[in-house]
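Written below as structure tokens is the structure these notes are about.
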Amino acid sequence: MRAWAKRIDLPLGIALVLLTVCVIGREWLPGSFVGEASPWLALACLVLLVPSATVTGIAFVVVGLVLTAILATNGPDFVAVVTEGLALAAFIGAFFAALNTLRSAAQTSPAIHRCGAYLAHQPPGRRYGVLTLGGAAFSLVLNYGSIALLGSLATASAAEEKDPVIRPLRQRRMLVAVQRAFLAVLPWSPLSFAGAVTASLVPGSTYVGVLLPCIGTGVLIAGTGWALDTIFKPRVAVRRPVERVGGPRDLKPLVILLVLMGTLILSLHFEFGVRVVGVVLLLVPLVSLGWLVIQGGPASLGPRVRTYVGRELPGLRSELVLLMMAGYIGKVGAALLVPLAARSGLDLGLVPGWVLLAGIVWLIPLTGMIGMNPILAASLLVPLMPAAGDDYSPTALFVATTAGWAISGATSPFTATTQLIGSFAQIPAARVGLVWNGAYAIVTGVLVTAWVIFIDVAW
């Protein structure tokens with residue numbers, strides 16, 4: 001099976017690139033043939049992905065097939081729902097492929113590694129705060145790659161500590177700072193799955209309209225982590241000086257990249273009226289190509305692209321299966337659940353809007369504890385909500401969904417964030433979620449719930 005999977009690496013990589021092109025066409029040229037082909041190209045990609053999928057991936061595929069069969073026998077809009085589900089899977093796969101071009105370019109950038117090393121070698125008094133701010137900046141560029149890069153640098157930095165008592169404490173504080181910095185970016189980053197998927201689930205929401213409230217969520221997520229670390233950080237009798245690596249000037253390339261990306265994304269969005277996620281799909285690969293040329297010259301571009309398409313992108317097949325199938329299952333499952341809830345007499349319209357919003361904040365992380373991907377949880381829960389109106393606003397629902405998504409990333413042992421942090425600390429992901437982040441998640445959940453209710457009332 002492994003040999004067969006290797007033989008289809010290049011066809012799979014090409015298919016994912018074509019899928020990205022089709023989804024870009026769907027965003028920039030609605031109704032075009034290229035855009036309308038994306039759901040069926042997503043199906044072709046899934047067919048290529050399934051034979052080498054993990055056990056969890058196969059389970060997701062089986063669940064998707066079962067739900068599709070049930071829908072075929074009970075749903076009058078079978079073809080339309082399946083097409084919508086495949087369209088969401090296509091968008092998720094294309095978004096993932098596009099974002100990883102930036103991560104691929106960043107991983108070979110000496111400037112980015114110098115920047116990360118500078119952040120990881122900060123003195124104890126400001127280590128958590130600097131890692132939080134720097135980690136948020138890295139997360140905007142690298143997405144999950146920020147945890148992989150900064151997590152490895154933080155682990156190496158902590159290993160330099162000679163005191164066996166201080167060493168694990170230092171490692172824990174640095175790793176949770178990196179993780180929570182990433183989570184603070186999820187609600188508002190135009191390059192995050194939380195915002196991209198939620199935008200497709202909440203009618204009437206726009207990125208510009210939700211940006212400030214979601215930044216407020218991010219501030220609460222990051223600020224709560226910093227406050228708890230400051231209050232409860234271990235007190236040691238003797239502090240050894242930390243070897244400094246680099247200086248503030250090493251942050252310059254990252255700042256320039258962020259300013260460039262932010263300016264271009266917003267400029268193209270306002271100029272052409274394309275959704276921010278559509279701009280990201282087109283812009284990120286182009287910026288990544290330019291970055292590769294800067295790193296190695298025009299002659300290096302061809303080999304790097306071939307490596308990405310033929311090896312790096314197919315190497316992410318396990319994540320792609322889970323993410324794409326989570327989107328599909330959410331769409332099909334919601335199409336089955338909504339009429340079922342109506343027939344059962346369940347009328348969420350009778351529930352106060354603030355209770356529904358609070359429920360979204362807490363249900364997404366709670367379902368994450370039993371293995372439900374945030375994409376799947378949001379895709380199932382949000383369609384069950386009554387239409388936004390007098391009881392709550394689309395903005396409040398967007399803020400609630402992305403906030404719950406972020407908290408799930410802190411607690412669920414099945415998410416990539418906790419698994420990555422657990423692998424660096426060499427402890428189970430469940431310990432990261434429940435012990436390292438348990439109290440943090442409860443405090444943050446209470447604060448962001450109050451924030452969501454405030455947004456609904458005052459925004």
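The values are calculated or read from the model by the stated rules, or taken from the named source; none is laboratory data. None of these values were measured; they are calculated from a predicted model. Heads up, the Cβs are rebuilt from the backbone with ideal geometry, glycines too, and the neighbour counts pull from every protein chain shown. Just the protein is used for accessible areas: all its heavy atoms, side chains included, with ligands, DNA and RNA removed. Shrake-Rupley method; radii C 1.70, N 1.55, O 1.52, S 1.80 Å.
Structure notes:
- Helix-derived mean residue ellipticity, 222 nm - over the chain, DSSP H n ≥ 4, -39500 (n - 2.57), to 500: -24500 deg cm²/dmol
- Residues ASP250, ASP347, ordered by accessible area of protein heavy atoms at a 1.4 angstrom probe radius and largest first, appear as ASP347, ASP250.
- The convex hull drawn around the Cα atoms of the stretch 153-193, when projected onto a plane and averaged over every direction, covers 3.1 nm².
- Reciprocal of mean inverse Cα separation for the stretch 57-216 (Kirkwood radius, Å): 18.3 Å
- Distance between the stretch 51-96 and the stretch 127-194 - C-alpha centres, whole angstrom: 34 Å
- Percent accessible area from carbon and sulfur atoms, the stretch 267-376, protein chains only, probe 1.4 Å: 71 percent
- Translational diffusion of the chain was estimated from the Stokes-Einstein equation, with Rh taken as the Kirkwood radius over Cα pairs; at 25 °C and 0.890 mPa s the coefficient is 108 µm²/s.
- Two-decimal ratio, the stretch 1-92, of alpha-carbon radius of gyration to 2.2 N^0.38 Å: 1.18
- Karplus-derived HN-Hα couplings along the stretch 327-342 (A = 6.51, B = -1.76, C = 1.60, θ = phi - 60°), whole Hz, x at Gly and Pro: x, 5, 4, x, 5, 5, x, 5, 5, 7, 6, 4, x, 5, 5, 5
- Magnitude of the charge dipole for the chain, about its Cα centre and with charges confined to Cβ atoms of Lys, Arg (+1) and Asp, Glu (-1), is about 1820 debye.
- Cut-off of 10 Å, at most 15 other beta carbons, DSSP loop: longest stretch of the chain lacking such trypsin sites (Lys or Arg not before Pro): 245-459
- Of every Cα-Cα pair in the stretch 86-150, the percent that sits beyond 18 Å: 43 percent
- The rule of thumb for compact globular proteins, 2.2 N^0.38 Å, goes into the C-alpha radius of gyration of the stretch 252-397 1.44 times.
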